[in-house]
Amino acid sequence: MERHRRDSPLRPPGKSTGLWHQGLNLGAKVMQETTPLKGFDAYVVGFHPAKDDPSMQMEAHHYCRQVNDDFLQCVLFDGNTAEANLIGIEYIVSERLYGTLPEGERHYWHPHNYEVLGGSLIAPGLPEPAERAFMAMLMNSYGKTWHTWHTGRLDTGPGDPLPFGDPMLMWSFNRDGQCDPALEQHRNEAMGVDRTEKRSSRSGLADRAHPQDGVALLDRAFPDGTPLAGSVDRSEST
């Protein structure tokens, strides 16, 4: 993990942990159960733009628990160290469950095929075959993501010192050229990611791709974006 260490962009204000706090933590470890937190051990890293302000982009570290074959729930952090800040949540549903959502609910859910096929979503530490199998499971799925804290970017500096304002509904990148290249390059260099290799490894998954809702949603914000085979908006397929 040390080689792929991603420190948070900022430390929140506040006094250092005192003896009282240390005692509370020790007591909690001995006397209390943390059962709901067990099982959040699937780790993936990707990038999120804000749906209403896609120029606001950040790296997101997802720690997920697979509830069943159709549903995952994830807690999001801005890094992968013990000091990482909790920045939001993401729920992931299969294409089948997405199809059961009320029409008015669907505009909260972003598509995942580009993130998988484009190689921007990674599962650090997994051997390539295992990562590819995990990504195959995410094909045609959708995520509903809320960020409660914009802590900034590791390549440009810190953001808000504390969670300010309303939660932000986040989206996915769905074309080449939408994600800030500097943001992705910073992550890829630090975590040893070769995106060309990722794309090549996952190219066979494109045959499984179905047209998805929301792929074209950010096209106006990024008019120079380039489509990727397998990431097609449902409206473009009719």
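Quick notes on this one:
- Test: residue in the range 163-175 that is under 17 Å from residue 121 (Cβ atoms), among the aliphatic types (A, V, I, L, M) and open to solvent by less than 70 Å² (accessible area, probe 1.4 Å): yes
- Residue within the range 152-159 that is under 20 Å from residue 99 (Cα atoms), open to solvent by 20 Å² or more (accessible area, probe 1.4 Å), in a loop (DSSP other than H, G, I, E, B) and in contact with a strand residue (DSSP E or B) (Cβ under 8 Å, 6 or more places away or on another chain) present: no
- Selection over the range 188-238 of residues that are open to solvent by less than 70 Å² (accessible area, probe 1.4 Å), assigned to a helix (DSSP H, G or I) and not polar (S, T, N, Q) gives a count of 9.
The values are calculated or read from the model by the stated rules, or taken from the named source; none is laboratory data. Computed from a predicted structure; not experimentally measured. Glycine also receives a Cβ, built like all others from the backbone with ideal geometry; neighbour counts cover every protein chain displayed. Protein only, heavy atoms only, side chains kept; ligands, DNA and RNA dropped before computing areas. Shrake-Rupley method; radii C 1.70, N 1.55, O 1.52, S 1.80 Å.
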